[in-house]
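Chemist: I have a structure here, written as structure tokens, and I will follow up with some questions on it.
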Amino acid sequence: MILALIVLLPMLGAVLPLLADGRGRSLCALSTMLAPLAGLVLLWTQASAVFAGEVLVHSWPWIERLGLHLSFRLDGLGFLFALLILGIGILIILYARYYLSRQDPMGRFFSLLLVFMAAMLGVVLTENLLLMMFFWELTSLSSFLLIGYWSHSADARKGARMSLVVTGGGGLALLAGILLLGQVVGSYQLSDVLAAGEVIRAHALYPLVLVLVLLGVFTKSAQFPFHFWLPHAMAAPTPVSAYLHSATMVKAGVFLLARLYPALSDTELWFLLVSITGMLTLLLGACTALFQHDFKGLLAYSTISHLGLITLLLGLDTRLAAVAAVFHIINHAIFKASLFMAAGIIDHETGTRDMRRINGLWRYMPHTATLAMVAAASMAGVPLLNGFLSKEMFFTETLQQHQFGNYSWVVPLVAVVAGVFSVAYSLRFIHDVFFNGKPVNLPKFPPHEPTRYMKVPVEILVALCLLLGLLPGVTVGGLLAVAAGATLGGELPSYSLALWHGFNLPLLMSMVVLLLGCLIYFLRRRLLGWYVHLPHLNAKDIFEQQTQRLVNLAALFTLRFEGMSLQRYMSWMLLTALLVSGYWLLQLPSLRGAVPMSAVDGATLACALMLMAAAVATACWHRRRLLALVMLSVVGLFVALAFARFSAPDLALTQLSVESVTIILMMLALFFLPDHTPVESSALRRGRDLVIAGLAGVLVSVLCLAVLTRPYDSIAGYFLANSLSGGGGSNVVNVILVDFRGFDTMGEITVLAIAAAAIFALLDGLRLRRPTGDTLGRPWAEDRRPFLLVKLSRLILPLALMVSVFIFLRGHNLPGGGFIAGLITAVALILQYVASGNAWTDQRWSLNYQWLAAGGVIIAGLTGLGAWAFGYPFLTSAFGHIGIALVGEVELATAMLFDLGVYLTVVGAMLLILSNLGRLSPRTREVN
Amino acid sequence: MELLYALTLGVLTMSGVYLLLRARTFPVVVGLTLISYAVNLFLFAMGRLHTGMPPVIGQVAEHTDPLPQALVLTAIVIGFGMTAFSLVLALRARGELDNDHVDGKGGQ
């Protein structure tokens, strides 16, 4: 439970900053800190178990058939990462409080940051790989929003998009890899996967799994050749860069590499792929970093290079290398976060990030300068600092490995070259920014030290750099041991964490690296001159170009098929449907089944012929719209008769009442539309449409006949047998609606209410030209309230309401029910609107139809929930019988309450639609 | 009887599809209505055609399948919602674009 809470708390806490937004910036930041602080305390309670070497797993079954469980896991590696994510996260929140300006929406920033934090915690604390995948994608999405936080800047938008495409694409590959891995192992639980290393490595799918997983890892951790997104993500606010590119986002990749180390490593393929990628990234990042003029760009390439270093360590064939990798993850997170924060302070105080303009800041901000110098020295690997320790371990391991046979010397050489450049760029960062003459044309001048509390997070991290560097055994020894132990999944190799190992080759390498680094820095002008002449690829331009090409291609494809024409689109869709279903129909051995057909009687034949004639007439006379409408109503009436003819009284009643409402609706709409359709389509197109229509008709006929003449098996028996005993009603259709399949009905009335609300919104503010006469120029009749209709409709109203009550009450046992009763009531009320006008009707009853429809859905829902109170599943009904004079014995079931909800929704929705459509006319008259 | 029923459905569908392919909004909505009649009848017929066997217990000895009827009953009401929505959409398009072409273009 505690593990799940650690992940969930920031997610829940994401609401707090939104609520606190606008009530003081400090309150906003404080409310954001609550969740991570609580998470840290919870993590601490688990520390003793983790340090004792236990693996804590909490699991709840979720979708067992898919192997998806809600399970969380805490071991040394997860503990280390959770500590980094929460600890650095809290410092970032404090820092961002002072970094963000008053124009930036602070609540949104902190809320997104917490969502991202929850996602990262989820990645490092899950036991189930599918669940981890969910959090993995969530980190991509939330980092997209964070990088694009300043959405007014095009660079931020493009940078965010690029990072989403690259990491999201890698995420897809990873998903495929994880699914395959689950297939190979037979479980998605990490414990099972880690224990099945032998099986995985021996499996035929191993190379595929490895490549897919590595694609996900390399894109996330910005490894060559996917590194290009990271520098462009620097368009984010600096707290985001400090968080994402030190301790979290990019570390998710190397985390997964370390996590799956026992399952996937220890093969030739792993060593080659991982170490070569690591080496290339290390070298490329370190060399490019030196030539950046933007200091955030410098830090970005330096991050790429350090991630390459960690990857390379995990790809070396010694077990100690993995320990060094974990150690460097810790150190890099600490010094890089502090450097980014220092960079943010400088950016904040000077208004630029260009190192050609920012010089000599030592005079203006000595405190910040000191902090940045210590952190940069740690990045360069200067002794007495934590960066030195892991770098020395790295040098040692490059000398120990033998994986490239006779060419194994390449690895230490690469390490030294990258180290030299790393010293050079660290030196450039410090010397260019804080010394090297005077500031040149700064947007904000003179710069000064920031607020006290903006420096506190940097001070804490720099103090950690020193502490870890001087007393590694005391401060970080235990944590490193459990984290590395969890990574290796077995015995730890022996190593010693100490500042001084005596004079040896790695120490010599360190010294050489420091000296050569200084030399390279002194030669920087010549090198810069040389670098400018190299051909440069702008990743952003290429990426945007390719994206644009893809979009154009998709647009072209869409245009071909849809072409902004509904008619063309429709015919494509219909033809496809015809082809697909026609193909399968033709596969049947015989279209006509074995069941004999029943005899036709005269009346039915006559009705069917009239129905067909009316349908054809509707189509033929569609240009004369009123006539077509009359024909349509004839079709509708015959459909109702068909239902009555074939034993469906409920359907006949429903069809009849819906038919009248539909026709009234169409008449109202027709009032505002032209009453003739012009001839537009060519004869050829009409012919083509006729062919499509004919084919569709033939298909439906054949399909219908094929089904009707085949033997029939149904689950109807269950409903018929249980209707009385289980649902307490003898009208089985109604019992199905309100009881057996009540949940479906609930959904359907909701849809109806939503449709009514949407129509209400569409009609809102609509202005339509009101015609003064028909097309022949005859004016509309002056007599707007026909006397007979008014008198009759008022007479009918109470009768109709009584009928609807009767239909409603008897619905459970005889044809009727909420739907039909609602329709009858709606028709009776609409008749009043039609006969007597809106003003008259509104005076008599002022019902709010929105509330009526919504209330109906709520009543139905509450009835369903009521069953819970008695310990039954949703929508279980209870019933008893009572006698009412004249009506007879009436079923009083909770299902009736549900039916009341249906009734109210239907009345509300129908009237909401029709009364508002009818209301259009007076409003428009005022306008014209 | 089954053949006649199937033929009727075919004719309904044919008229509906033809109207669906017209260029003005009103015939398209009428076509949609015709097609929804056909679809409702088709779904209903999945319980086969029976005479005088309503699914009301106690009235007659044998009963037809109540399940397709329950499905079609809600389908009829929802179908009305859909027709109403597309009609109002057509009205809105006419109000905004001043014509009733399905693609929102063309002269009036």
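The values are calculated or read from the model by the stated rules, or taken from the named source; none is laboratory data. Predicted model, so just to flag it, every value in this text is computed and none were measured. In this analysis, Cβ positions are derived from the backbone assuming ideal geometry, glycine residues included, and neighbour counts consider all displayed protein chains. In case anyone asks, the SASA skips ligands and DNA or RNA and just uses the protein heavy atoms, side chains included. Shrake-Rupley method; radii C 1.70, N 1.55, O 1.52, S 1.80 Å.
Chemist: Name every residue in segment A:810-824 that is open to solvent by 10 Å² or more (accessible area, probe 1.4 Å) and away from chain B (no Cβ under 11 Å), in order of residue number.
Modeler: A:Ile824
Chemist: Could you list, ordered by first residue, the pairs with Cβ atoms under 6 Å in which the first is in segment A:146-157 and free of Cβ contacts under 8 Å to residues at least 24 places away in the same chain and the second is hydroxyl-bearing (Ser, Thr, Tyr) and assigned to a helix (DSSP H, G or I), at least 6 apart or interchain?
Modeler: none
Chemist: Which of (1) in contact (Cβ under 8 Å) with a residue 40 or more places away in the chain; (2) within 30 Å of B:Leu67 (Cα to Cα); (3) within 7 Å of chain B (Cβ to nearest Cβ) does A:Arg710 not meet, given it meets every other one?
Modeler: Of everything listed in (1) in contact (Cβ under 8 Å) with a residue 40 or more places away in the chain; (2) within 30 Å of B:Leu67 (Cα to Cα); (3) within 7 Å of chain B (Cβ to nearest Cβ), A:Arg710 misses just condition (3).
Chemist: Return the residues of segment A:819-866 that are under 19 Å from A:Arg741 (Cα atoms), in contact (Cβ under 8 Å) with a residue 60 or more places away in the chain and among the small types (Gly, Ala, Ser); say none if nothing qualifies.
Modeler: Those that are under 19 Å from A:Arg741 (Cα atoms), in contact (Cβ under 8 Å) with a residue 60 or more places away in the chain and among the small types (Gly, Ala, Ser): A:Gly856, A:Ala860, A:Gly861, A:Gly864.
Chemist: Residues in segment A:680-691: is at least one assigned to a helix (DSSP H, G or I), within 7 Å of another protein chain (Cβ to nearest Cβ) and not acidic (Asp, Glu)?
Modeler: Looking through segment A:680-691, at least one residue is assigned to a helix (DSSP H, G or I), within 7 Å of another protein chain (Cβ to nearest Cβ) and not acidic (Asp, Glu).
Chemist: Another question, then. Across segment A:32-54, what is the total count of residues that are surrounded by 17 or more Cβ atoms within 10 Å (Cβ to Cβ) and part of a loop (DSSP other than H, G, I, E, B)?
Modeler: Number satisfying all stated conditions: 1.
Chemist: Shifting gears a bit: For segment A:840-858, name all the residues that are over 43 Å from the mean Cα position of the chain (by Cα) and open to solvent by less than 80 Å² (accessible area, probe 1.4 Å).
Modeler: A:Trp840, A:Thr841, A:Asp842, A:Trp845
Chemist: On the basis of being modelled with pLDDT of 70 or more and open to solvent by 40 Å² or more (accessible area, probe 1.4 Å), does A:Thr863 make the cut?
Modeler: Answer is no for this residue.
Chemist: Still on this structure, please answer the following. Just to check your reading of the model, which residue among B:Leu73, B:Leu49 is over 29 Å from A:Glu680 (Cα atoms), at the interface with chain A (Cβ under 7 Å from one of its Cβ atoms), within 23 Å of the chain's Cα centre (by Cα) and not in a helix (DSSP H, G or I)?
Modeler: B:Leu49
Chemist: Looking for something surrounded by fewer than 24 Cβ atoms within 10 Å (Cβ to Cβ), in contact (Cβ under 8 Å) with a residue 60 or more places away in the chain and not in a helix (DSSP H, G or I) - is there at least one such residue anywhere in segment A:319-335?
Modeler: No, every residue in segment A:319-335 fails to be surrounded by fewer than 24 Cβ atoms within 10 Å (Cβ to Cβ), in contact (Cβ under 8 Å) with a residue 60 or more places away in the chain and not in a helix (DSSP H, G or I).
Chemist: Within segment A:726-743, is even one residue within 8 Å of another protein chain (Cβ to nearest Cβ), open to solvent by 20 Å² or more (accessible area, probe 1.4 Å) and part of a helix (DSSP H, G or I)?
Modeler: no
Chemist: Could you tell me which of the residues A:Gly387, A:Gly360, A:Gly381 is touching a Pro at 6+ places or on another chain (Cβ under 8 Å) and in contact (Cβ under 8 Å) with a residue 12 or more places away in the chain?
Modeler: A:Gly360
Chemist: Any idea which residue in segment B:17-33 is nearest to A:Gln655 (Cα to Cα), counting only those that are aliphatic (A, V, I, L, M) and within 7 Å of chain A (Cβ to nearest Cβ)?
Modeler: B:Val30
Chemist: I need a count of the residues in segment A:641-652 that are part of a helix (DSSP H, G or I), small (Gly, Ala, Ser) and over 15 Å from A:Leu609 (Cα atoms).
Modeler: Here the count works out to 2.
Chemist: Do you know which of the residues in segment A:597-640 that are outside any helix (DSSP H, G or I) and more than 9 Å from chain B (Cβ to nearest Cβ) is most open to solvent (accessible area, probe 1.4 Å)?
Modeler: Per the stated criteria, the residue is A:Arg624.
Chemist: Now, a different point. Please state which of the following conditions B:Ala6 fails to meet, knowing it meets all the rest: (1) hydrophobic (A, V, I, L, M, F, W, C); (2) within 7 Å of chain A (Cβ to nearest Cβ); (3) open to solvent by less than 10 Å² (accessible area, probe 1.4 Å); (4) in contact (Cβ under 8 Å) with a residue 24 or more places away in the chain.
Modeler: Of the numbered conditions (1) hydrophobic (A, V, I, L, M, F, W, C); (2) within 7 Å of chain A (Cβ to nearest Cβ); (3) open to solvent by less than 10 Å² (accessible area, probe 1.4 Å); (4) in contact (Cβ under 8 Å) with a residue 24 or more places away in the chain, the odd one out for B:Ala6 is (4).
Chemist: For segment A:1-24, how many residues are open to solvent by less than 50 Å² (accessible area, probe 1.4 Å) and either free of Cβ contacts under 8 Å to residues at least 12 places away in the same chain or closer than 16 Å to A:Ser111 by Cα (or both)?
Modeler: Result for segment A:1-24: 8.
Chemist: Filter segment A:646-665 for residues that are aliphatic (A, V, I, L, M) and more than 7 Å from chain B (Cβ to nearest Cβ); which is least open to solvent (accessible area, probe 1.4 Å)?
Modeler: A:Ala652
Let's see how each residue does on (1) out of contact with any strand residue (DSSP E or B) (no Cβ under 9 Å at 6 or more places or on another chain); (2) open to solvent by less than 30 Å² (accessible area, probe 1.4 Å); (3) more than 7 Å from chain A (Cβ to nearest Cβ):
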site	(1), (2), (3)
B:Ile35	yes, no, yes
B:Asn40	yes, yes, yes
B:Gly58	yes, no, no
B:Ala61	yes, no, yes
B:Thr64	yes, yes, no
B:Gln69	yes, yes, no
B:Val77	yes, yes, no
B:Thr83	yes, yes, no
B:Arg92	yes, no, no
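Chemist: Note down all Cβ pairs under 7 Å where the first residue falls in segment A:97-125 and is outside any loop (DSSP other than H, G, I, E, B) and charged (D, E, K, R), the second is open to solvent by less than 10 Å² (accessible area, probe 1.4 Å) and at pLDDT 90 or above, and they're at least six residues apart or on different chains.
Modeler: A:Arg97/A:Ala29
Chemist: Quick check: anything in segment A:300-317 in a helix (DSSP H, G or I) and of a type in the set (D, E, K, R)?
Modeler: no
Chemist: Anything in segment A:201-215 that is open to solvent by 30 Å² or more (accessible area, probe 1.4 Å) and not hydrophobic (A, V, I, L, M, F, W, C)? List them, or say none.
Modeler: If the condition is that a residue be open to solvent by 30 Å² or more (accessible area, probe 1.4 Å) and not hydrophobic (A, V, I, L, M, F, W, C), then A:Arg201, A:His203, A:Pro207 are the ones that fit.
Chemist: Now for a separate question. Look at B:Gly104 and say whether it is more than 7 Å from every other protein chain (Cβ to nearest Cβ) and without any contact (Cβ under 8 Å) to a residue 24 or more places away in the chain.
Modeler: Spelling it out, B:Gly104 is indeed more than 7 Å from every other protein chain (Cβ to nearest Cβ) and without any contact (Cβ under 8 Å) to a residue 24 or more places away in the chain.
Chemist: Separate question: Which condition does A:Cys28 not pass, out of (1) under 24 Å from the mean Cα position of the chain (by Cα); (2) open to solvent by less than 70 Å² (accessible area, probe 1.4 Å), if it passes all the others?
Modeler: (1)
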